[in-house]
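Before any comments, here is the structure.
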Amino acid sequence: MAQRVDVAEELDRLQMHVKETANILKKGGAVGRKLDFMMQELNRESNTLASKSINADITASAVELKVLIEQMREQIQNLE
C-alpha cells in the first residue's frame, strides 16, 4: 500500500523532465525529436502518477497533464 501512495519520485521526475524540456527549447536548433522524446517521458511519468495515486485530486491532475502533453506532442509534430 505504501508503494501505491508515494508519488514523490514521479513528481520529481516530472519536474526534471519539464526543466530539460525548457533547456531544449532555450538551445534552439533541431528540437523536434528531442521534444518528442521528452513528451514520451512526461507521458510515462504522468501515467505512473495516475496509477499510483489514491488521491482523487492528484489522479485528476495527472489526467489533465496527459491531455496537455498530448496537445504539446501534436504541436511538436509540426516542428519535424
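A short reminder: the numbers here are calculations on the coordinates, not readings from a lab. Owing to the predicted nature of the structure, the values given are computational and were not obtained by experimental measurement. Positions of Cβ are backbone-derived with ideal geometry, glycine not excepted, and every protein chain shown enters the neighbour counts.
Structural remarks
- Positive-end residue, the chain charge dipole about Cα centroid, Cβ charges, pick of Ala50, Leu65, Met38: Met38
- Each helix, a run of at least 4 DSSP H residues, gives -39500 (n - 2.57); summed and divided by the residues of the chain, these come to -28000 deg cm²/dmol at 222 nm.
- Relative to the longest principal axis of the Cα atoms of the chain, the long axis of helix 56-77 lies at roughly 10 degrees.
- Each other residue within a Cβ distance under 13 Å of His17 adds +1 if Lys or Arg and -1 if Asp or Glu, for a net charge of -3.
- Counting lysine pairs in the chain that sit 8 or more residues apart in sequence, or on different chains, and whose Cα atoms lie under 19 Å apart gives 6.
- Net charge of neighbours whose Cβ lies under 15 Å from the Cβ of Lys27, counting Lys and Arg as +1 and Asp and Glu as -1: +3
- In nm, spacing of pseudo-spin labels at Asn47 and Leu25 (7 Å Cα→C-beta vector): 2.4 nm
- Taking Cβ atoms as reference points and 11 Å as the exclusive limit, the residues near Met38 contribute a net charge of +1, counting Lys and Arg as +1 and Asp and Glu as -1.
- Least to most buried among Met38, Met16, Met72 (fewest other Cβ within 10 Å first): Met16, Met72, Met38
- The charge dipole of the chain, taken about the Cα centre with unit charges on the Cβ atoms of Lys, Arg (+1) and Asp, Glu (-1), comes to about 240 debye, rounded to the nearest 20.
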